[in-house]
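Scroll down for the structure; my scribbles are underneath it.
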Amino acid sequence: RARDRGAAHGFFSAECRACSGLGAIAMKEGRHEEGLELLRNTLAAAPLNESDDSTFELNALQRLTRALFETHGIDEVEGLVPRYREAAQAESRRGGRPCYDELNSIYATVRLHEARG
């Protein structure tokens, strides 16, 4: 319900949170296509959120890249890892120290390199 209301009224932060949570649940339950679609929607809505909160994009990138690695969606994740890395570095600069997502983005870069061989 939150997802529908958020989308209908332009509350993209509510839509992001709802899609992210529902996507994570779907992935955990093995409904990968549904989960990936919801996580893609999260990422699409993240830059449109009504606040200046950059964590929406970081959270969306983190969850989607993790889900794509789990489902072997290497071709799609290849384009997201550099974006995740840049967003995480920007967040670290804003905070004045490395953030958790920056470490995760480095790990995603290593995983991608290993998968590409």
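Just a few scattered comments:
- Vicinal HN-Hα couplings computed from phi for segment 110-117 (Karplus, 6.51 cos²θ - 1.76 cosθ + 1.60; Hz; Gly/Pro x): 5, 4, 5, 4, 5, 5, 7, x
- Using alpha carbons only, the radius of gyration of the chain set against its Kirkwood radius gives Rg/Rh = 0.98.
- Estimated at 0.36 nm per residue, the fully extended path between ARG93 and THR71 surpasses their Cα-Cα distance by 4.8 nm.
- In this label model, GLU86 and HIS113 are separated by 2.0 nm, measuring between points 7 Å along each Cα→Cβ vector.
- Along each principal axis, Cα extent of segment 61-117, largest first, Å: 34, 19, 15
- Within the accessible area of the chain (1.4 Å probe), percent carbon and sulfur: 51
- Restricting the GluC sites (Glu not before Pro) of segment 46-79 to loop positions (DSSP other than H, G, I, E, B) with no more than 12 neighbouring Cβ atoms within 10 Å leaves GLU50.
- Accessible surface area normalised per residue over segment 27-87 is 53 Å², counting heavy atoms of protein chains with a 1.4 Å rolling probe.
The values are calculated or read from the model by the stated rules, or taken from the named source; none is laboratory data. Every value quoted in this text rests on a predicted model; they were computed, and no experiment measured them. All Cβ positions, even for glycine, are placed from backbone atoms using ideal geometry, and neighbour counts span all protein chains on display. The area values use the complete protein model at the heavy-atom level, side chains included, leaving out ligands, DNA and RNA. Shrake-Rupley method; radii C 1.70, N 1.55, O 1.52, S 1.80 Å.
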